[in-house]
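Here the structure is laid out as structure tokens; the discussion comes afterwards.
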Amino acid sequence: MEPVHAEFLPDASLSREEIESLQREIADNAVFEDRFAFDPAAVQISSEPSQQQLTTAASDPNSDAAADAPLVAGVDQAFLDDRAISAVVVLQVGEVVERTHAVRELSIPYIPGLLAFREGGPIAAALATLDCEPDLLCFDGSGRIHYRQAGLATHLGVVFDTPSIGIAKNLLCGTPRESVDGRPAGWRTPIEAADAVDCADGTVIGHAYQSRQYESSNRHINPLYISPGHRVAAETTVDLVAALCDGYKLPEPTRLADSYADEIKAELS
DNA sequence: GCGACAG
DNA sequence: ATCTTGTCGC
């Protein structure tokens, strides 16, 4: 796939002020509402026919639900010395249909709020080598849950003008409406903008989502922090991640991209 | 000035 | 993110 807005590609040589200015421009161009062509109910991991698919098959004997199902890409990185290994795994109904990766020199260190300017280049390079056109991109990191509402997932979603979701293991900013401690699997609560975020206080910029939890024990699993990247509404974002989870804390696209990146890293070591 | 801060 | 063995509890 190719960038639709290459002028928005993260350029790490920009000044801090220019970076923040570009992020505000990215946020202005981002759409935090559902604006995608695929059927969200067709995004799933199991190949078991859903009620919807059975209905579709009954009304159209020639349709092939699996062949028409949305392509969901997971993107994640591993690091080796001063290089980033960006890996992409594309799934269709839980089946891997394409994998690709890119290795690039890192230009700047990790700075909270500027992650896209450290990892965006390597990620864009990897996505550019992809033969297929994903319907949805899943990133490790935040989307709208960001000081200027332009986290990694939002930035790359806008650059490629493709629906995207941010999946983080830790909260960058914003405030959970309720305490997130020890919640059962399936539980979710909104993350609201607070003073540090560039929008009205109380605006729902994402959700904490408990993708997995131990039945009964002393220890507990922390929730994921999910936010819209581009062209997906906050609530939908959680529904999609829930549909992409398969017994692990992380949804399959991101989980498989994570292990694929480690695989490439091991080969380079 | 101090604390908080995705990966 | 990364350096890393065993270990506690599902």
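The values are calculated or read from the model by the stated rules, or taken from the named source; none is laboratory data. Small disclaimer: the values here were computed from a predicted structure and weren't measured. Here Cβ is always computed from backbone atoms with ideal geometry, including for glycine, and neighbour counts include all displayed protein chains. Side chains are part of the model used for accessible areas, which takes the heavy atoms of the whole protein and leaves out ligands, DNA and RNA. Shrake-Rupley method; radii C 1.70, N 1.55, O 1.52, S 1.80 Å.
Some notes on this structure:
- Residue pairs whose Cβ atoms lie under 7 Å apart, sitting 6 or more positions apart in sequence or on different chains, and linking a residue in region A:206-235 that is open to solvent by 40 Å² or more (accessible area, probe 1.4 Å) to a partner that is away from DNA strand C (no atom under 15 Å from the Cβ) and among the aliphatic types (A, V, I, L, M), are A:231/A:31.
- Residue list for region A:1-27, filter: closer than 23 Å to residue A:127 by Cα and assigned to a helix (DSSP H, G or I): A:6, A:7, A:8, A:19, A:22, A:23, A:25, A:26, A:27
- Subset tally (residues that are in a strand (DSSP E or B) and either crowded, with 21+ Cβ neighbours inside 10 Å or among the hydrophobic types (A, V, I, L, M, F, W, C) (or both)) for region A:99-137: 5
- Within the span defined as region A:123-145, every residue fails to be over 16 Å from the mean Cα position of the chain (by Cα) and within 11 Å of DNA strand B (Cβ to nearest atom).
- Those residues of region A:138-171 which are part of a strand (DSSP E or B), away from DNA strand C (no atom under 14 Å from the Cβ) and small (Gly, Ala, Ser), in sequence order: A:164
- Selection from region A:174-195 of residues that are out of contact with any Lys or Arg (no Cβ under 8 Å at 6 or more places or on another chain) and open to solvent by less than 10 Å² (accessible area, probe 1.4 Å): A:193
- Within region A:178-197, not a single residue is part of a loop (DSSP other than H, G, I, E, B), modelled with pLDDT of 95 or more, touching a helix residue (DSSP H, G or I) at 6+ places or on another chain (Cβ under 8 Å) and at negative phi.
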